[in-house]
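A short worksheet on the structure shown next.
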Amino acid sequence: MAKAVLTISSKNYGAWSLRGWLLARLAGLEFTEEVISHDDPAMKAEMLLLSSSMLVPSLQHKGVKVWDTLAIAEYLHEIKPKAQLLPADIKARAHCRAICGEMHSGFASMRSSLPMNIKAHFPDFKVWSRAQADIDRVLEIWRDCLSTYGGPYLFGKQPSVADAMYAPVITRFLTYDVPLDPICIAYAQHIMALPAMQEWVAAAKAEPDEIDELEAEF
């Protein structure tokens, strides 16, 4: 029997839920999913607001309840150190935390104009200038990390907290047909090829279309 319960929202729309879920998978934590109702205010809060400080996703494990994606990441690193969700080297670890914090609190224009929607595809989507500035910064982060640590993941040969934090961005880039250079294309392909990501995407595509207001433009 699983010793942990991870509460998540929609797999098609829930970017923060994907981050928490992927972190738990990468950590090797045995858990069961508790999916909140489409009518639950917490689900709509996660998907309709830009704030990352919400109660979804949340993790319950051995009497501990933790929410907020970065807090979940740090907790998983503590209980599953062999998973190496954070780099062993102190400089790399600081770098990892910095770019995760940037994702956690920034990129509001990109999030609002390119909401996560895995089932959708908008070829030749016109990105407004503020969102493009956010996209450019994300790609700069990716190229810097891949060059510094040698890839194929942001901090070397295995996925880290950083890859989980940026995974929903990759789904956005695919949905909205965002042009990428070859280095970033290769990185995105590595993330999407992860068995956990394939599992999530398959579940997202099978999800009923019941949240009409989320199809509206932000």
Exclusive hit being of a type in the set (D, E, K, R), in contact (Cβ under 8 Å) with a residue 12 or more places away in the chain and touching an Asp or Glu at 6+ places or on another chain (Cβ under 8 Å), set Asp181, Asp163, Asp177, Asp134: Asp177
Test: residue in segment 87-108 that is outside the structural domain of Ile170 (by TED's automatic domain parsing) and among the aromatic types (Phe, Trp, Tyr): no
Unique residue being farther than 19 Å from Glu30 by Cα, modelled with pLDDT of 95 or more and not hydrophobic (A, V, I, L, M, F, W, C) when the list is Pro87, Pro81: Pro87
Test: residue in segment 156-176 that is farther than 21 Å from Leu86 by Cα, at pLDDT 95 or above and not in a helix (DSSP H, G or I): yes
Failed condition for His121, given (1) touching a residue at least 24 places away in the same chain (Cβ under 8 Å); (2) over 18 Å from Lys11 (Cβ atoms); (3) loosely packed, with under 15 Cβ neighbours inside 10 Å: (2)
Residue match in segment 141-152 (condition: under 15 Å from Ala15 (Cβ atoms) and either among the acidic types (Asp, Glu) or part of a helix (DSSP H, G or I) (or both)): no
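The values are calculated or read from the model by the stated rules, or taken from the named source; none is laboratory data. Values in this document were obtained by computation on a predicted structure and should not be read as measured data. Note that we place each Cβ from the backbone using ideal geometry, even for glycine, and neighbour counts take in every protein chain shown.
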